[in-house]
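Let me begin by presenting the structure, written as structure tokens, before commenting on it.
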Amino acid sequence: MSDHDIQALIIELQTDANERRAEAGPSRFHAVWAKNKQATLTAPQSGRGLTAKIKGAAHKLPLLGPLARLLATIIRLPERLGRMEREIQVLRQQNAELSDRAIKTEAILAQKIGQLNDHLSNLLNGLTVQVSQLQHENFLRLQSQQRLLTQVQSVKDDLLESDGRLESFMAHASSAIVPAQPGPPPTAPHASMLTDSLLDDFYWRFEERFRGSPEDITARLKIYLPYLEAVKQSAPNRLLLDLGCGRGEWLKLARATGLAIKGVDLNAKMVRDCQAEQLPVVLGDGVRFLQDEVGGSLAVVTGFHIVEHLPFAALMSMLKAAYRALAPGGFALFETPNPENILVGACTFYTDPTHKNPIPPPTLAFMMEEAGFVRQECVRLRPQTLEDPPVHAATLSVVQRFYEAPDYAIIGFKDKLEL
């Protein structure tokens, strides 16, 4: 029996049941029963079997509706099971797709995590390199600071040693100097212009030890020779006057250029030594000697390491006298220790006990400008090179001060001098 036949049977049974419930009396029931029976007897013999049996049972059992519904449910069960299997298959397919997507997502996440680990590793390596560099820079900074502390300690030791030498010298000088007689004070108290013969000998020996050998001083002074060559053209047939000429190194160089020269110094021993070498040097007060010169008669006025010995008033008088005595086209040159160098300004300047105070380059240039020298030039001598500069800028600015030029010169020109 096919599914179609079963469905038709069930529909027919339900129809019969509905009709029987609609009948009000037994006569209607018997009429329907007779009708069904007649239909059964006249039905084709093919396909009989389960259908015929169900119909026969239906005629015998008029209230077969609930049983028919149960039977229909049972008959539909394979179809429902098939549908459920199909749904389960779809769910399995979806689950497989979700599994594939989960696997792909997991692979993508693993790749991203790997990339993130690589990035973090690179960052860590970079930070490690930066930390190493900072540690190295800090090490160099500590080394630089240690060197600076060592230099500062050396300066302190030099100062203590200089203090000891100064006390010894002052004690010796106090016992040797004869009280001065009443009279006008000297106008230019240059270190080499002390009149006492004992101090003349002392300062001569002091120069021999601390100034440097005559050969060294001559080599240093050669830097100024181009100025002498130029002045022979701008102020010809004029004299070069060296104030506080000392041992005469500069006068010898100037004479070799063909210039007429003259020197003046208050140290009698040094004057005698210069005269023994046929240098035109006289004993006397350099400032007073300069003031007695005829105006415009000199081509060059020089003074090496004398301005730091003079009081302010005497120094200004000397600068003004130099400007007056120079011819147009001439120049004045004054060399002095450079206090921009910490060792010089704090220590070595005071090695000479007759020094009064250091003069910074801008100050001396301004003083010469006030004396009339409108155009000046600053020459810094023998600057040193800092081979291993510290990393920190503040430390570098301090350490560089130890390597500034130990000496400088200000050259003031009267009118214009082409070099």
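The values are calculated or read from the model by the stated rules, or taken from the named source; none is laboratory data. Fair warning: this is a prediction, and the values are worked out from it, not measured in the lab. Here the Cβ is made from the backbone with ideal geometry for all residues, glycine too, and neighbour counts use every protein chain on show.
Please go through the stretch 229-247 and pick out each residue that is closer than 30 Å to residue 205 by Cα and within 50 Å of the chain's Cα centre (by Cα).
Those that are closer than 30 Å to residue 205 by Cα and within 50 Å of the chain's Cα centre (by Cα): 242, 243, 244, 245, 246, 247.
Can you find a residue in the stretch 344-355 that is in contact with a helix residue (DSSP H, G or I) (Cβ under 8 Å, 6 or more places away or on another chain), at pLDDT 95 or above and either assigned by TED's automatic domain parsing to the domain that holds residue 253 or among the small types (Gly, Ala, Ser) (or both)? Full working, then the answer.
Applying the first criterion (in contact with a helix residue (DSSP H, G or I) (Cβ under 8 Å, 6 or more places away or on another chain)) to the stretch 344-355 yields 346-355.
Filter again for at pLDDT 95 or above, leaving none.
Within the stretch 344-355, none of the residues are in contact with a helix residue (DSSP H, G or I) (Cβ under 8 Å, 6 or more places away or on another chain), at pLDDT 95 or above and either assigned by TED's automatic domain parsing to the domain that holds residue 253 or among the small types (Gly, Ala, Ser) (or both).
Taking residue 364, is it part of a helix (DSSP H, G or I), in contact (Cβ under 8 Å) with a residue 24 or more places away in the chain, under 20 Å from residue 311 (Cβ atoms) and assigned by TED's automatic domain parsing to the domain that holds residue 310? Quick ask: steps written out before the conclusion?
Details: part of a helix (DSSP H, G or I): yes; in contact (Cβ under 8 Å) with a residue 24 or more places away in the chain: yes; under 20 Å from residue 311 (Cβ atoms): yes; assigned by TED's automatic domain parsing to the domain that holds residue 310: yes.
So residue 364 fits the description; yes.
Could you please let me know if residue 337 is more than 14 Å from residue 243 (Cα to Cα) and crowded, with 21+ Cβ neighbours inside 10 Å?
Details: more than 14 Å from residue 243 (Cα to Cα): yes; crowded, with 21+ Cβ neighbours inside 10 Å: yes.
Against the criterion (more than 14 Å from residue 243 (Cα to Cα) and crowded, with 21+ Cβ neighbours inside 10 Å), residue 337 qualifies.
So which strands (runs of 3 or more DSSP E) are wholly in the stretch 247-334 and hold at least 3 residues that are modelled with pLDDT of 95 or more and either outside the structural domain of residue 228 (by TED's automatic domain parsing) or over 24 Å from residue 237 (Cβ atoms) (or both)?
Result: empty, no element qualifies.
List the number of the failed condition for residue 307; all other conditions in (1) aliphatic (A, V, I, L, M); (2) closer than 27 Å to residue 363 by Cα; (3) touching a residue at least 60 places away in the same chain (Cβ under 8 Å) hold.
Only one criterion in (1) aliphatic (A, V, I, L, M); (2) closer than 27 Å to residue 363 by Cα; (3) touching a residue at least 60 places away in the same chain (Cβ under 8 Å) is unmet by residue 307, namely (3).
Just wondering, is there one or more residues in the stretch 381-390 that are part of a strand (DSSP E or B), out of contact with any Leu (no Cβ under 9 Å at 6 or more places or on another chain) and modelled with pLDDT of 95 or more? Can you show your working first?
Step one: of the stretch 381-390, the residues part of a strand (DSSP E or B) are 381.
With out of contact with any Leu (no Cβ under 9 Å at 6 or more places or on another chain) added as a condition, the list becomes 381.
Narrowing further to those that are modelled with pLDDT of 95 or more: none.
Checked the stretch 381-390: no residue is part of a strand (DSSP E or B), out of contact with any Leu (no Cβ under 9 Å at 6 or more places or on another chain) and modelled with pLDDT of 95 or more.
Can you tell me which residues in the stretch 397-419 are modelled with pLDDT under 70 and over 21 Å from residue 347 (Cβ atoms)? If you could, list the steps in order and put the result at the bottom.
Restricting attention to the stretch 397-419, the residues satisfying the condition of being modelled with pLDDT under 70 are 397, 416-419.
Passing the criteria: 416, 417, 418, 419.
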